[in-house]
Amino acid sequence: MIGIITGDIINSRTQDVSDWLTELKAILNRYGQAPKQWEIYRGDSFQLEISPKDALKTAILIKAGIKQFKSIDVRLAIGIGEKTYNANSITESNGSAFIYSGECFEQLKKTNLAIKSDDLKFDTTINIMLELALLTMNTWTPTTASLLKLALTHPEYNQMQLAELTESTQGNVSQGLKRAGYDEILKMIQFFTKNVSL
């Protein structure tokens with residue numbers, strides 16, 4: 001079983017492409033090499049192969065990375081399934097994970113982050129959680145998104161250490177993470193990791 005994240009940048013033309021593209025590539029590079037594990041195509045669309053248990057955390061990390069830039073956001077569809085054809089380029093590989101991710105992406109109308117797998121009960125539960133989480137995540141400011149991304153990439157850091165990194169105070173970090181819904185997002189990621197089909 002693998003996870004496939006299909007995404008595209010919302011309002012990509014309103015922002016200098018070099019800003020968000022550098023950020024996106026830096027995040028994708030954490031999970032493998034292009035074009036085998038990830039690829040950016042059609043200018044602002046991308047696909048990433050990831051282990052199922054890391055899929056949600058990675059999608060949220062991508063969202064936080066992109067939301068660091070004013071006026072842009074990202075649409076993300078996670079497909080969990082099999083890989084039956086392994087090509088040199090991810091966009092040519094195939095299997096149920098790719099099909100689910102593509103179908104899920106096509107259905108992203110009212111929401112900008114959803115999951116599809118062969119476990120309908122799990123999908124229904126996690127997608128309701130995501131819709132609720134997006135009420136907060138879609139309103140992240142660049143500062144909030146930047147702080148959340150830092151906390152997700154350094155889970156071993158306490159608030160004092162995060163404050164040092166951001167040249168801020170522990171109180172400001174605490175408030176910022178609260179605004180970002182950090183504790184609740186972590187609980188949702190834990191639920192996903194524990195219950196996703198591996």
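The values are calculated or read from the model by the stated rules, or taken from the named source; none is laboratory data. Since the model is a prediction, treat every value here as computed from it, not as a measurement. Cβ sites come from the backbone with ideal geometry, for glycine too, and all protein chains shown count toward neighbours. Accessible surface areas use protein heavy atoms only, side chains included; no ligands, DNA or RNA. Shrake-Rupley method; radii C 1.70, N 1.55, O 1.52, S 1.80 Å.
Within the span defined as the range 109-128, one or more residues are of a type in the set (Val, Ile, Thr), assigned to a helix (DSSP H, G or I) and exposed (fewer than 13 other Cβ atoms within 10 Å of the Cβ). Scanning the range 146-161 for residues that are open to solvent by 70 Å² or more (accessible area, probe 1.4 Å) and either closer than 19 Å to Thr193 by Cα or among the basic types (Lys, Arg) (or both) returns Pro155, Glu156. A single member of Ile62, Ile80 is crowded, with 20+ Cβ neighbours inside 10 Å, in a strand (DSSP E or B) and of a type in the set (Val, Ile, Thr), and it is Ile80. Taking the criterion of being surrounded by fewer than 19 Cβ atoms within 10 Å (Cβ to Cβ) and either within 30 Å of Thr144 (Cα to Cα) or not β-branched (Val, Ile, Thr) (or both), the residues of the range 83-100 that qualify are Lys83, Tyr85, Asn86, Ala87, Asn88, Ser89, Glu92, Asn94, Gly95. So, Thr143, is that one open to solvent by 50 Å² or more (accessible area, probe 1.4 Å) and more than 16 Å from the chain's Cα centre (by Cα) or not? The answer is yes for Thr143. Take the residues in the range 167-198 that are over 22 Å from the mean Cα position of the chain (by Cα) and open to solvent by 60 Å² or more (accessible area, probe 1.4 Å), then tell me which one is nearest to Ala97 (Cα to Cα). Once the filter is applied, the top-ranked residue is Gln175. Taking each residue of the range 21-34 that is open to solvent by 80 Å² or more (accessible area, probe 1.4 Å) and looking for partners that are small (Gly, Ala, Ser) with beta-carbon atoms closer than 9 Å, six or more apart or interchain, yields Lys25/Ala34.
Yes or no: Tyr157 within 27 Å of Ser71 (Cα to Cα) and aromatic (Phe, Trp, Tyr)? In short, no.
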